[in-house]
Amino acid sequence: MILAHIIVKERDQTMDIIKLLTEKDLIFSAVISTKKVYEKNKDTGELEHLEHTLIIGKTKALLFSTINTLLKENYPKNMPMLYAIPIIYMDDELTDMVRSRTALV
């Protein structure tokens, strides 16, 4: 099991991505959070902050490639950042729920 982290720069993509992934049973549930991201401006060297929206979805590790491909197909010009964090421990009932409510692999 993993937590898929999807970082979008345009907030209006958020619900579209969640709908797309849940309709195809690629994620079990999603959490949305708005974060300030600090980056060094490569031209000025100054520290700048941007607003990004983070979607966190519970899913199976084997679905990561499918999620990545689907996002690339649907957002070729504004692909969100996607990475995963493994879930090391989870209650057996929740594990079974995630397995049963996501796509078969």
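The values are calculated or read from the model by the stated rules, or taken from the named source; none is laboratory data. In this text, all values refer to a predicted model and were calculated from it rather than measured experimentally. Don't worry about glycine lacking a Cβ; one is built from the backbone with ideal geometry, like all the others, and counts go over all protein chains shown. Remember, those area values only see protein heavy atoms, side chains included, never the ligands or the DNA or RNA. Shrake-Rupley method; radii C 1.70, N 1.55, O 1.52, S 1.80 Å.
Some values worked out for this structure:
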{"read-out": "Potential lengthening between Leu50 and Asp96 on full extension [0.36 nm per residue; Cα-Cα distance subtracted]", "value": "12.8 nm"}
{"read-out": "Accessible area (Å², per residue) of the chain, counting only protein heavy atoms and a probe of 1.4 Å", "value": "67 Å²"}
{"read-out": "Potential extension, Ile87-Lys9 segment - 0.36 nm per residue separation minus Cα distance", "value": "25.5 nm"}
{"read-out": "DSSP-assigned coil residues among trypsin sites (Lys or Arg not before Pro) in the range 23-81, each with at most 11 further Cβ atoms within 10 Å", "value": "Lys42, Lys77"}
{"read-out": "Three-way shape label, the chain, alpha-carbon gyration tensor, a/c 1.5", "value": "prolate"}
{"read-out": "For Ile17, net neighbour charge (Lys/Arg +1, Asp/Glu -1) across residues whose Cβ lies under 14 Å away", "value": "0"}
{"read-out": "Residue-averaged [θ]222 nm for the chain, counting only DSSP H segments that reach four residues, each worth -39500 (n - 2.57)", "value": "-9000 deg cm²/dmol"}
{"read-out": "Mean Cα-pair separation over length for the range 2-71, i.e. relative contact order, pairs under 8 Å, 6 or more apart, %", "value": "45 percent"}
